[in-house]
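The values are calculated or read from the model by the stated rules, or taken from the named source; none is laboratory data. Just so we're clear, the structure is a prediction, and the values are computed from it rather than from any experiment. We place every Cβ from the backbone using ideal geometry, glycine too, and count neighbours over all the protein chains shown. Protein only, heavy atoms only, side chains kept; ligands, DNA and RNA dropped before computing areas. Shrake-Rupley method; radii C 1.70, N 1.55, O 1.52, S 1.80 Å.
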Amino acid sequence: MFTHSIKRANYLFASALLLLSSAFAPAQNPVGAIADRGTIRGTITDANRNAVEFATIMLLKSTDSTLIKGTVADAGGLFKLENVVEGSYLVAASQVGFQKTYSQVFKLNAGQTLALPEFHLPELSNQLNEVNVVAQKPFIEQQIDKTVVNVENSVVAAGNSALEVLERSPGVTVDRDGNISLKGKADVRVMIDGKPTYLSNQDLANLLRNMQASQLATIEIMTNPPAKYDAAGNAGIINIRLKKAQNMGLNGSVTLGYGYGMYGKQNGSLNLNYRQNKWNLFGTYSANRRLSWREQNITRVFREGDQVSAYFDQTAENFQRSHNQSIKAGADYFVSKNTTIGVLLNGSAGRWGQTTSNVTDIYKGMTLPDKQTLTNSVTSQPWNNLASNVNFKHTFDTLGSSGQPRELTADLDYAFYNNNNDQTFDIRNLDALGNPLTALRTDMGFQAGKVDIYSAKLDYVHPFSKTAKFEAGLKTSFVTTDNDMKFFIRLQSDAPSPDSLDRSRTNQFVYRENINAAYINYSRQFKKTGVQLGLRLEHTTARGHQITTDSVFTRNYLNLFPSMFVRHELNKKNSLGFSYSYRIDRPDYGSLNPFQYFLDPYTYGQGNPYLKPQFTHAFEGTHTFGGFLTTTLNFSRTNDIMTDVLRQNDLQRVTFQTRDNIGYRQNMGLAVSASFPVTKWWTATPYLNLSRNRYVGQLLGADLDQSFVSVQGNLQNQFTFSKNWSAELGGFYTNGFLEGILVGKPMGQISAGVQRQLWNKKASIRLNVRDIFWTQYFRGSVRYQNLDVFIKSRWENRVANLTFSYRFGNTKVQAARRRSTGLESEAGRVNQNN
């Protein structure tokens, strides 16, 4: 049996879910007058006849188990279903920690008030009766401690990538380079099945671009995670849960998709699951191939004093190709009813490539043509990765009066990521009349990169009573990154020269990091108030070594990270919540890497090995009304804020992007989200976020104090026209953003999709169009000190996708015991209950 606080969470969740489910239920007879309708009453108790609080009640049609109406029992276990049309029904009652129980079929007469016999819910055992009642969840759910995006049932998600689904999630913004922000704050930690990805922003974006949305079950968005999660991530955590079947016998699904914007995109996947007796075996294979287009324009103004000395107008057109294959395989073995062990392998391999044609027109002053630089480049990035996990779970006998078992979980993980980056640049310089100024020059860069990750984790849960619980855990991780970059230059002339090593850009960088952590967490549910207190201790040691230059830096720091959550129910419709957490963001490995990545001879990016971690105090207050409307106020201050900055050499007329600690950032915001039925066939999920970012510090030798107020809106509409036809229409808009000294302009999009269920709902075909009007493109500017830069980027974002899915095998849930591993909270694998 779970704690009282979990029951209250289930109560709020069930209230919202039942309200939404009612929108999909068939309309009752509209002819019947209200006076002719009846009322059904009842009481929910446990085996000892104690009241079961906040149980979920569903009124079902006796003929086909169609959901007619739902409610939630009160704290005394009492429930009432009003305005019910005369007919034959049965009632289903459920609560976390208990078996779902059904009443006998009964007849309700017109105007009757019917008192049902008392429901006795037995505690959850290992075997449950077969259940074949399915309620579709809305695309976006607001739960107590997180927002959940139910990708699996989304029409507009079909055929898209994980990154494209993320940008439709409430409060999430994805910029032109795939960097992810949450409620106006960058440095979001993205996890997959509870596992940290340990990837740079660029590598993570590539991973999510190559991950099909059909592989996703849910996306969990946590703005203030509790102490059992890693303290990293000042903006919070986004946890992507992958699908995992849990039906008995052999079952699976196959998905095929084709998309077209300016070029074609193909994807497919196969999922298999076999569960019998003590074994559960599962596996997924997926593949995709994409060809896409992108264009970027950058203008820059260089000054000498107050006079404009030069004006650069650059246009780069990119054609990108990518293909990848991924596989996931694992097994669970149920040693006994109390002990489970499992193994999991998750790997992928692919290649990303790009050909770029870059034209830079250079002017004296603003208008007089001076020269032109043509840069043609070819980039090839083959990559592969594999993550492995061994997990163990044991539940002890029920302790005392708590009614709940103690639980011990352990996990061992190893993962590696290999990523090569080979680049070739052909550079030509022409005068104003188009005549060659220099011989053709070819720059070649070859980078070999590898990341190795080892981690071990131990968690213990000890319930003191039905309303109090203590949790504790230990974790250690070791990470090594090794990047070796070699640059060569070749000059083409009458007598071709051999390749020469460019020592100024050649380097090898090795970074090692060890983090040891321990946490405690205590939660207690009082009559109307729930409290959770947590404390996490993390010790970090790190060493970076630039081998070519024999330059070394070290880090060694110990930090405490407290967290607090309070939730109070004012009445049945209103509840208040407050949370506080102290968090850290360490530089990602790509940002520490000092290598240079070139766009053309005048523009490049470079890592900063001397980046320091940033620390954030985050506060959040929430109000929930009726289980469907949530209002959130948040404030945070991040010290030693890391942000992307531009630096410019006016004499050499070169601009490069790097990452630096510039001072502090204050973020405050107001967010409102809701999910409600507009009609019986239309459900709307609006989201609105108003936030203000302020950056204060020292940058480029001057005092920095800039702020910006952002407005972001997101609206998802779900339509159910019949048993087999459904559709979605959604979109988002933002008036812009501020990230350090970069000011982004407004952008948004509208997407739509339609779905047809086939073959007794075992198959479906989905058609969706993303960014129908092609309004999502990036525009931004930097106006600070000697920087005067404008950037515009468009990409192939308007894409139509057609997707076919088919499910086979046993699709009825039978005795699917919930599996929970130590990786559930931060580095694990969790089954999905949908």
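Its Cα gyration tensor gives the stretch 512-602 an equivalent ellipsoid, and the semi-axes of that ellipsoid, as √(5λ) in whole Å with the largest first, are 44, 19, 7. Assign one of three labels to the stretch 460-550, namely rounded, prolate or oblate, based on the Cα gyration tensor with a ≥ b ≥ c the square roots of its eigenvalues; rounded applies when a/c is under 1.5, prolate when it is not and a/b is larger than b/c, and oblate otherwise. In terms of gyration-tensor shape, prolate. Per residue, the stretch 252-313 exposes an accessible area of 49 Å² to a 1.4 Å probe, with every protein chain left in place.
In straight-distance terms, cross-link reach from Lys486 covers every one of the lysines whose alpha-carbon lies under 17 Å from its own, apart from those fewer than eight places away in the same chain; here that gives Lys450. Compactness ratio for the stretch 301-412: Cα radius of gyration over 2.2 N^0.38 Å (N = residue count) comes to 2.25.
Taking a sphere under 12 Å around the Cβ of Ile362 and counting the other residues whose Cβ falls inside, with K and R at +1 and D and E at -1, yields a net charge of -1. Filter the cross-link list Lys469/Lys573; Lys146/Lys572; Lys146/Lys469; Lys61/Lys723 down to pairs whose alpha-carbon distance in this structure exceeds 23 Å. With Cα atoms farther than 23 Å apart: Lys469/Lys573. Only Cα sites of the stretch 243-354 enter the Debye sum here, all with the same form factor; the resulting log10 I(q)/I(0) across q = 0.21, 0.22 1/Å is -1.09, -1.14, listed in q order. Given R0 = 56 Å, the distance between the Cβ atoms of Asn649 and His568 translates into a calculated FRET efficiency of 0.45.
To put it simply, the accessible area of the stretch 437-528 at a 1.4 Å probe is 61 percent carbon and sulfur. Other residues within the sphere of radius under 10 Å centred on the Cβ of Ile547, judged by their own Cβ, net out at -3 (K and R +1, D and E -1). Which whole-number value in Å³ per residue fits the convex hull of the alpha carbons of the stretch 629-780? Spelled out: Cα convex hull of the stretch 629-780, divided by residues, is 158 Å³. Each 10 Å bin from zero holds the following percent of Cα-Cα pairs in the stretch 551-614: 15, 26, 21, 16, 14, 8, 1. Take the Cα of Ala702, step 7 Å toward its Cβ, do the same at Phe773, and the gap between the two points is 3.7 nm.
Keeping to pairs on different chains or 8 or more places apart, tell me how many lysine pairs in the stretch 264-388 have Cα atoms under 29 Å apart.
For the stretch 264-388, the number of qualifying lysine pairs is 4.
Of the chymotrypsin sites (Phe, Trp or Tyr not before Pro) found in the stretch 452-550, those in coil by DSSP whose Cβ has at most 12 other Cβ atoms within 10 Å are Phe526. When the trypsin sites (Lys or Arg not before Pro) in the stretch 214-293 are filtered for DSSP coil states and for at most 12 other beta-carbon atoms within 10 Å of their beta-carbon, the remaining sites are Lys278.
Post the alpha-carbon centroid distance, the stretch 438-516 to the stretch 579-646, in whole angstrom. Going from one Cα centre to the other spans 19 Å. Rolling a 1.4 Å probe across the protein heavy atoms gives the stretch 601-718 an accessible surface of 40 Å² per residue. Per residue, what accessible area does the stretch 354-393 have, given a 1.4 Å probe and all protein chains present, in Å²? With all protein chains present, the stretch 354-393 gives 43 Å² per residue.
Given the pairs Lys243/Lys457; Lys69/Lys680; Lys466/Lys528, which are separated by over 18 angstrom at their Cα positions?
Lys243/Lys457, as the Cα separations exceed 18 Å there.
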